[in-house]
Amino acid sequence: MQTFLQQLVNGVVLGATYGLVALGYTMVYGIVQLINFAHGEIYMLGGFGALFTYTVLLPGGTPVVLALVLMLLGGMVVSITAALLMERFAYRPLRGAPRLAPLITALGVSIFLQELVRNFYPAKSPRPFPQLVDPSHQFSLGASVEISAPRLLTVVVAVIGMVALSTFVRRSRTGRAMQATAQDPDTARLMGIDTDRIIVTAFVLGAALAAVSGLASGLQFGTVDPRMGFLTGVKAFTAAVLGGIGNISGAVLGGFTLGIVEVMATQYAPDPFSGGAWKDAWAFVVLILVLVFRPSGLLGERVAARA
Amino acid sequence: MSMLEVRDLRVAYGAIEAIKGISLDVDEGQVVTLIGTNGAGKTTTLRTVSGLLRPVSGEILFDGQRLDTVKAHEIVKQGIAHSPEGRRIFPLMTVEENLELGAYTRKGDSIAKDVGAVFDRFPRLLERRAQKAGTLSGGEQQMLAIGRALMSSPRLLMLDEPSMGLSPIMIQLIFETIAELKSTGTTILLVEQNASAALALADVGYVLETGRVVLSGPGKELLKDENVRKAYLGED
Amino acid sequence: MQAPRLVRVAAPLIIGALVLSACGSKSESGSGSGNITLTLGVIAPLSGDLSAVGNGIKNGVELAIKQANENKTIKGVTLKLDAEDDTAKAEVGAQVAAKLVADSSVIGVVGPLNSSVAKSTAPVLSQANIASISPSNSNVDLTNRGVLATGGTQTRPYKSYFRVCATDDIQGPFAADYAVKDLGKKTIAIVHDKKAYGQGLAEAFAKQAKADGATVLPTETINPGDKDFSAIVTKLKAAKPDFLFYGGEYPEASLLTKQMKAGGLNIPLMGGDGVDAAEYIKIAGASANGDLATALGAPTDSLASAKQFLTDYKAAAYADPADPYGAASYDAANAIIKALAKAVGDGKKSGQAVRDEVTKEVQDSDFEGVTGKISFDQFGDTNTKILTVYSVKDGKFVAAKSGTFGG
Ligand SMILES: Nc1ncnc2c1ncn2[C@@H]1O[C@H](COP(=O)(O)OP(=O)(O)O)[C@@H](O)[C@H]1O
Ligand SMILES: [Mg+2]
């Protein structure tokens, strides 16, 4: 039981990162039906932006909380800048082109950003990340179930990010405009919504959340590396599809589901298919099962949102 | 000067020309209707006025100002509301949220008051205010679409086939609504396949066929025209 | 002002080029004071990330050549060095190997550093039957040792390829002996990354640890690139192991050890040479203390037989250090020099005959080198398989034990 609870905690921590990154995929997809495969790199850039802020910009002895806030801002600036340039110069010119064109562009952008960081940060990968939040500081969640400070921080910031985003999308004027654009872009324009601006907003919000996740990941693991976006990107995309791509709550639910499935598969899967190597296979089994019974994902809308 | 002037408009989808040079006028306070068979180019005309499509040539003037270079999302600010074909309400948002989106370009307290006015006009919508719009019946969705268009306080209201797919009772209700809007002086550009009802109501009618205006004149006269009766009113 | 400056810069270049071309023609004509000149090649990364290691190889060979020429070890022959830069890339390796083959004065090659490069140089050099001795290739495929683990029959893929270092397949058993016999570990967890190197290492370790009497828990695997190992840590913790062996490389190993210790699983992690990296400690921080890694060979300064070599190396004032492979390269070069001395003594002085004879004599090598006894089995592997266990103390890998493994 104790092991189960500890694994549940492990799964929630893992799922928090997936969910946070998945939001970026789902928002952009929801609005322009674009699978921005370079979104994983936006997450990676958030981590490096935070590292750069710490090592280059911050004076030694900056109080930890202030340093964390500034690192988050630094990470966001880098992530958002990259997302804006990507949207403007890689994707916007291809709007209306066959679906394959932006997909291939996304892969190209992805490789470009990885190499850019690799060359900008010449050191052997991975790069050590300052351990501002002590990983040996454990919080007890009852009966010897524990969570370390940076892992707890990851979950807390992820939940804050998710709640903030969903409140923004549901309540704010811009958020409503995002929903309208997702459901029917032409009609949204008839309402006076500048859909180009809304698309940019989706990229920006996704990048900001990815930067949160990139910083949390750096603090949690003590490293960032140029390749980190790939695996997390694939997992987060899977989470978005699992939850119903285009659906914001779905991305969060998909993220946690995926994280928990992976962890439980590591612990409990029957023997020849157990262990960390099979966890991804199990994650995909769950994905396929969900898609068989609910083709549009856990929370995806059955009705086509568009006429 | 007419409120809306369309001059020699040509619109194409790729290589296929859908509008082959049409001209029409809508004067302040008038109801003008475009009738014609499926594929004649009525929807294309409205979408071009709204800026969703760009003309190949010709011009569109609103209050004498060029409209065909204004971005779609800015046209509603100039006072043109467009209730599109197929209603196109936002299905995953509530009735109330749909109405509020209609007032997206407006600011201030008067929005809540206008939402109330729409509910007064269509009490059915008030009952369903917190319901997802996608769950409404076709007639209710049409009420919502018209209500949403009214929310921008337009000077020109464009309605694309508001009676399409509705039950006879609903059709009647929709036309009553249009008549009521007309009586309060709202300028309306109405696209309809239900030619008799539309022409009965309209000050001016235009008959479109494959991208061209083939006939135009006061609504009552067109209603009497033999060709119109044969082609559009199902009489032999 | 312009013209004279240009001349000042250009003149030494032109003179240098003339001197070089003169040297070249001399070696090919083989004229001079009755001496012929033959060439010992080196293939190693002389530029890029690995250049310090590559230059250590080149320097070890150069030192051996210098001493052979001074002592006139090879009657009537002056030996010269041709060091080629493979930039640690397989395709560049193939090109420079072909270049050495085309030079008829080349009678043997030391190198390359990387197994991946050797896979493209060995076929080229073997085709011409030029003896090549690597100081550092640990991949089993190069001598087809991989089949041994599955009980197959070993056949030699490259007839003139040799190496003086131990191979990946014995790192695992050597590490297992150390963990079980020296450290007395009883319940051992195994984790690997499913890559050929990591899995092979972990499987070889597990087999030997069982043979030595330890309990080995069911193997756990991870994916290269994974960062969150909390699930595996939680799972392992329940089984209460007292030791963990990791087959794979430092990026994942460093995160694993950190998460193990943060998660309350306070046992040492041991890995192969993929973990023996400064970055491992940099990333894992204090969590790395007490962790272990094996590496091929022995630290040169720990060998009594290498004292003279290190003195000579120091006296030559090379820019790059002898470690890790300078001493082994010195031995490799001497194996070729001794073989050449015998070949020349038998009257084989040029052409294919000398290459054939050198390869034959290298195969029969039997002498005490600075790193230990130099002799080869019929597949080109050394009979002296020296390895070292390093353990992390105060943020540094410190040699804990060197030894051989009879595998
Ligand atoms: N998106 C489109 N792409 C290509 N052709 C279209 C498109 N929309 C309409 N058309 C064509 O343009 C012509 C006019 O269509 P439309 O304006 O929808 O007619 P109406 O509204 O009068 O039924 C038709 O021939 C139709 O097939
Ligand atoms: Mg139409």
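The values are calculated or read from the model by the stated rules, or taken from the named source; none is laboratory data. What you see is a predicted model; the values in this text were computed from it and never measured. Neighbour counts are summed over all protein chains in view; Cβ atoms, including those assigned to glycine, are modelled from backbone coordinates with ideal geometry.
Just the residues that are more than 7 Å from every other protein chain (Cβ to nearest Cβ) and under 17 Å from residue A:37 (Cα atoms), please, taken from region A:207-227.
A:207, A:208, A:209, A:210, A:211, A:213, A:214, A:226
For residues that are in contact with a Ser or Thr (Cβ under 8 Å, 6 or more places away or on another chain) and either part of a loop (DSSP other than H, G, I, E, B) or at positive phi (or both), tally how many sit in region C:129-143.
6
Quick check on my filter: what residues within region C:144-162 are at pLDDT 95 or above and closer than 25 Å to residue C:368 by Cβ?
C:160, C:161, C:162
Buried (at least 18 other Cβ atoms within 10 Å of the Cβ), in contact with a Pro (Cβ under 8 Å, 6 or more places away or on another chain) and over 18 Å from residue B:38 (Cβ atoms): is that true of residue B:188 in this structure?
no
Any residue at all in region A:30-41 that is surrounded by fewer than 24 Cβ atoms within 10 Å (Cβ to Cβ), more than 10 Å from chain C (Cβ to nearest Cβ), among the aromatic types (Phe, Trp, Tyr) and in a loop (DSSP other than H, G, I, E, B)?
yes
State all residues of region C:216-232 that are more than 7 Å from every other protein chain (Cβ to nearest Cβ) and crowded, with 23+ Cβ neighbours inside 10 Å; if no residue qualifies, say none.
C:229
Can you spot a residue in region B:17-27 that is more than 14 Å from every other protein chain (Cβ to nearest Cβ), within 13 Å of ligand 2 (Cβ to nearest atom) and aliphatic (A, V, I, L, M)?
yes
How many of the residues making up region A:184-198 are facing another protein chain (nearest Cβ under 7 Å), surrounded by 24 or more Cβ atoms within 10 Å (Cβ to Cβ) and part of a helix (DSSP H, G or I)?
Going through region A:184-198 one residue at a time, the tally reaches 3.
Within region B:29-78, take every residue that is away from ligand 2 (no atom under 16 Å from the Cβ), of a type in the set (Val, Ile, Thr) and over 14 Å from the mean Cα position of the chain (by Cα) and give me the one that is surrounded by the fewest Cβ atoms within 10 Å (Cβ to Cβ).
B:69
If I filter region C:272-287 for residues that are in a strand (DSSP E or B) and at pLDDT below 90, do I get at least one hit?
No, every residue in region C:272-287 fails to be in a strand (DSSP E or B) and at pLDDT below 90.
Go through C:52, C:44, C:88 for me and flag whichever is under 18 Å from the mean Cα position of the chain (by Cα), of a type in the set (Gly, Ala, Ser) and modelled with pLDDT of 90 or more.
On inspection, the qualifying residue turns out to be C:44.
Residues to consider are A:130, A:135; find the one that is over 24 Å from residue A:4 (Cα atoms) and in contact with a helix residue (DSSP H, G or I) (Cβ under 9 Å, 6 or more places away or on another chain).
A:130
If you go through region C:357-366 one residue at a time, do you hit one that is surrounded by 23 or more Cβ atoms within 10 Å (Cβ to Cβ) and assigned to a loop (DSSP other than H, G, I, E, B)?
yes
Being surrounded by 18 or more Cβ atoms within 10 Å (Cβ to Cβ), more than 16 Å from ligand 1 (Cβ to nearest atom) and without any contact (Cβ under 8 Å) to a residue 40 or more places away in the chain is the filter; apply it to region B:147-172 and report the residue that is farthest from residue B:114 (Cα to Cα).
So, considering only residues that are surrounded by 18 or more Cβ atoms within 10 Å (Cβ to Cβ), more than 16 Å from ligand 1 (Cβ to nearest atom) and without any contact (Cβ under 8 Å) to a residue 40 or more places away in the chain, the one farthest from residue B:114 (Cα to Cα) is B:166.
Being of a type in the set (Ser, Thr, Tyr) and farther than 13 Å from residue C:135 by Cβ is the filter here; which residues of region C:295-311 pass it?
C:302, C:305, C:311
May I ask you to list the residues in region B:43-69 that are within 16 Å of residue B:7 (Cβ to Cβ) and either among the charged types (D, E, K, R) or more than 16 Å from ligand 1 (Cβ to nearest atom) (or both)?
Of everything in region B:43-69, those that are within 16 Å of residue B:7 (Cβ to Cβ) and either among the charged types (D, E, K, R) or more than 16 Å from ligand 1 (Cβ to nearest atom) (or both) turn out to be B:54, B:57, B:59, B:61, B:62, B:63, B:64, B:65, B:66, B:67, B:68, B:69.
Which of the residues belonging to region C:124-143 are among the hydrophobic types (A, V, I, L, M, F, W, C) and either more than 30 Å from residue C:102 (Cβ to Cβ) or within 17 Å of the chain's Cα centre (by Cα) (or both)?
C:131, C:133, C:140, C:142
Is it true that residue A:146 is out of contact with any helix residue (DSSP H, G or I) (no Cβ under 9 Å at 6 or more places or on another chain) and among the charged types (D, E, K, R)?
Criteria not met by residue A:146.
Could you tell me whether region C:282-294 includes any residue that is crowded, with 19+ Cβ neighbours inside 10 Å and touching a Cys at 6+ places or on another chain (Cβ under 6 Å)?
No, there is no match, as no residue in region C:282-294 is crowded, with 19+ Cβ neighbours inside 10 Å and touching a Cys at 6+ places or on another chain (Cβ under 6 Å).
Among the residues of region B:87-105, which ones are closer than 21 Å to residue B:41 by Cβ and either surrounded by fewer than 16 Cβ atoms within 10 Å (Cβ to Cβ) or more than 7 Å from chain A (Cβ to nearest Cβ) (or both)?
Result: B:87, single match.
Which of the residues spanning region C:144-172 are under 24 Å from residue C:218 (Cβ atoms), touching a residue at least 24 places away in the same chain (Cβ under 8 Å) and over 19 Å from the mean Cα position of the chain (by Cα)?
Scanning region C:144-172 gives a single hit, C:149.
Taking into account only those residues within region C:151-210 that are assigned by TED's automatic domain parsing to the domain that holds residue C:366 and of a type in the set (Phe, Trp, Tyr), which is surrounded by the most Cβ atoms within 10 Å (Cβ to Cβ)?
Filtering region C:151-210 for residues that are assigned by TED's automatic domain parsing to the domain that holds residue C:366 and of a type in the set (Phe, Trp, Tyr), the one surrounded by the most Cβ atoms within 10 Å (Cβ to Cβ) comes out as C:162.
So which of A:125, A:136 ends up being modelled with pLDDT under 90, touching a Pro at 6+ places or on another chain (Cβ under 7 Å) and facing another protein chain (nearest Cβ under 9 Å)?
A:125
Just one of the numbered conditions (1) in a loop (DSSP other than H, G, I, E, B); (2) closer than 27 Å to residue B:10 by Cα is not true of residue B:216; which one?
All conditions pass for residue B:216, except number (1).
Quick check: anything in region C:244-252 farther than 23 Å from residue C:386 by Cβ and away from chain A (no Cβ under 12 Å)?
Yes, that holds for at least one residue.
Identify, by number, the condition in (1) within 15 Å of residue A:16 (Cα to Cα); (2) touching a helix residue (DSSP H, G or I) at 6+ places or on another chain (Cβ under 7 Å); (3) within 13 Å of chain C (Cβ to nearest Cβ); (4) in a helix (DSSP H, G or I) that residue A:152 doesn't meet.
Among (1) within 15 Å of residue A:16 (Cα to Cα); (2) touching a helix residue (DSSP H, G or I) at 6+ places or on another chain (Cβ under 7 Å); (3) within 13 Å of chain C (Cβ to nearest Cβ); (4) in a helix (DSSP H, G or I), residue A:152 violates only (2).
Looking at region B:55-69, is at least one residue of a type outside the set (Asp, Glu) and within 11 Å of another protein chain (Cβ to nearest Cβ)?
Taking every residue of region B:55-69 in turn, none turns out to be of a type outside the set (Asp, Glu) and within 11 Å of another protein chain (Cβ to nearest Cβ).
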